[in-house]
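See below for the structure under consideration.
The values are calculated or read from the model by the stated rules, or taken from the named source; none is laboratory data. Given the structure is predicted, the values throughout are model-derived calculations rather than measurements. Neighbour counts are summed over all protein chains in view; Cβ atoms, including those assigned to glycine, are modelled from backbone coordinates with ideal geometry.
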Amino acid sequence: MTSRSKTLAITGTIGFVLFSVFVVLGWVVPIDRFVTSALEPLAGPLFVYVTELGSVKVLIGLSFIGMLYFLWRGDRFEAYRLPSVVITTLLVTQGLKLSFGVDRPSIDAALDATTYSFPSGHASGSLALYGLIAIWVYRRFGSVTGLILLVMLTLGVSFSRVILNVHYFSDVIGGWIVALIIMAGSEIVRRRQN
C-alpha cells in the first residue's frame, strides 16, 4: 500500500502541474462552460446549505471533533492525522490560489467566495475531511454504504460550488488533486508508523 500511496503522490503532483498549465492557458474553458451549463438547472437554495459543509469553519470544526473521537478510541495517529491533513490541504490550496491568481466566475462573500478561484478550497477541504473519514469507516467497518454516503457528500459540496457559480469545474478538479496528494502523503506516514 505504501508504494501505491507513493505512486499516487508522485503522479498526482505531476498531474496537478500539467493540469494547472491547462488552466492557466485557458484550455479547460470549453469544459468549464459545458459543465456549468449542464449543472445550471440545479441551482437553488438547497446548495447554499450543502456548500456550507465545505466551509473552513465546518471543516476545521469537524476535524477537531474527529480528533477528539480518535483520542477517545486511543488512536493517536488518526487523531492527529485528520486535522493535520485538513488544515494542510486548506493552507496549500490557499497558497496555490494566490500563486495562480485565477478569477472566479462571480464573487459572493456569503458563499465564502472572495479569494481567487483555482483550486477550490471547498473541494479540496471536503475531500480531505470526508475522504479520510470514508477511508477509515471502510477499513474499520467494511461499510460500503458509509463510504458511498461520504463520497456523495464530497461530490455534493464540490459541485455546489459550480452550481452556485462561484467556481469552475476545473477548480474542483484541481482541489481534488491537491487533497489526494496530501492524503496520499499522510498514508505513507501511516504505513511507516505501523
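If a residue must be over 17 Å from THR89 (Cα atoms) and either buried (at least 24 other Cβ atoms within 10 Å of the Cβ) or of a type in the set (Gly, Ala, Ser) (or both), how many such residues does the range 114-133 contain? Break it down into steps so the answer makes sense when it comes.
First, pick out the residues of the range 114-133 that are over 17 Å from THR89 (Cα atoms): 114.
From what's left, either buried (at least 24 other Cβ atoms within 10 Å of the Cβ) or of a type in the set (Gly, Ala, Ser) (or both): none.
Here the count works out to 0.
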Checklist entry - If you go through the range 84-96, how many residues are of a type outside the set (Ser, Thr, Tyr) and surrounded by 20 or more Cβ atoms within 10 Å (Cβ to Cβ)? => result 4
Next on the checklist: For the range 85-93, check the following and say yes or no: at least one residue is in contact (Cβ under 8 Å) with a residue 60 or more places away in the chain, closer than 20 Å to GLY131 by Cβ and either part of a loop (DSSP other than H, G, I, E, B) or in contact with a Leu (Cβ under 9 Å, 6 or more places away or on another chain) (or both).
Outcome noted: yes
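What about GLY61, is it modelled with pLDDT of 90 or more and touching a helix residue (DSSP H, G or I) at 6+ places or on another chain (Cβ under 8 Å)?
Working: modelled with pLDDT of 90 or more: yes; touching a helix residue (DSSP H, G or I) at 6+ places or on another chain (Cβ under 8 Å): no.
So GLY61 fails the test.
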Next on the checklist: Name the residue that is farthest from TRP176 (Cα to Cα), counting only residues in the range 6-32 that are surrounded by fewer than 18 Cβ atoms within 10 Å (Cβ to Cβ) and among the polar types (S, T, N, Q).
Outcome noted: THR7
Checklist entry - How many residues, within the range 33-80, are outside any helix (DSSP H, G or I) and loosely packed, with under 12 Cβ neighbours inside 10 Å? => result 3
Item to check | Output for the range 156-174, where each listed residue is within 20 Å of PHE19 (Cα to Cα) and either assigned to a helix (DSSP H, G or I) or out of contact with any helix residue (DSSP H, G or I) (no Cβ under 6 Å at 6 or more places or on another chain) (or both) | outcome: SER158, PHE159, ARG161, VAL162, PHE169, SER170, ASP171, VAL172, ILE173, GLY174
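Listed here are the residues, each with its yes/no results for (1) within 13 Å of the chain's Cα centre (by Cα); (2) not polar (S, T, N, Q).
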| site | (1), (2) |
| --- | --- |
| ILE133 | yes, yes |
| THR145 | no, no |
| MET152 | yes, yes |
| VAL162 | no, yes |
| ASN165 | no, no |
| TYR168 | no, yes |
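Which residue out of ASP171, ASP103 is touching a residue at least 24 places away in the same chain (Cβ under 8 Å) and in contact with a Ser or Thr (Cβ under 7 Å, 6 or more places away or on another chain)?
On the way: ASP103 fails: touching a residue at least 24 places away in the same chain (Cβ under 8 Å).
Going through ASP171, ASP103 in turn, just one is touching a residue at least 24 places away in the same chain (Cβ under 8 Å) and in contact with a Ser or Thr (Cβ under 7 Å, 6 or more places away or on another chain): ASP171.
Here is a yes/no grid of residues against (1) within 20 Å of GLU187 (Cα to Cα); (2) of a type in the set (Ser, Thr, Tyr):
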{"residue": "TYR80", "(1), (2)": "yes, yes"}
{"residue": "THR89", "(1), (2)": "yes, yes"}
{"residue": "PRO105", "(1), (2)": "no, no"}
{"residue": "THR114", "(1), (2)": "no, yes"}
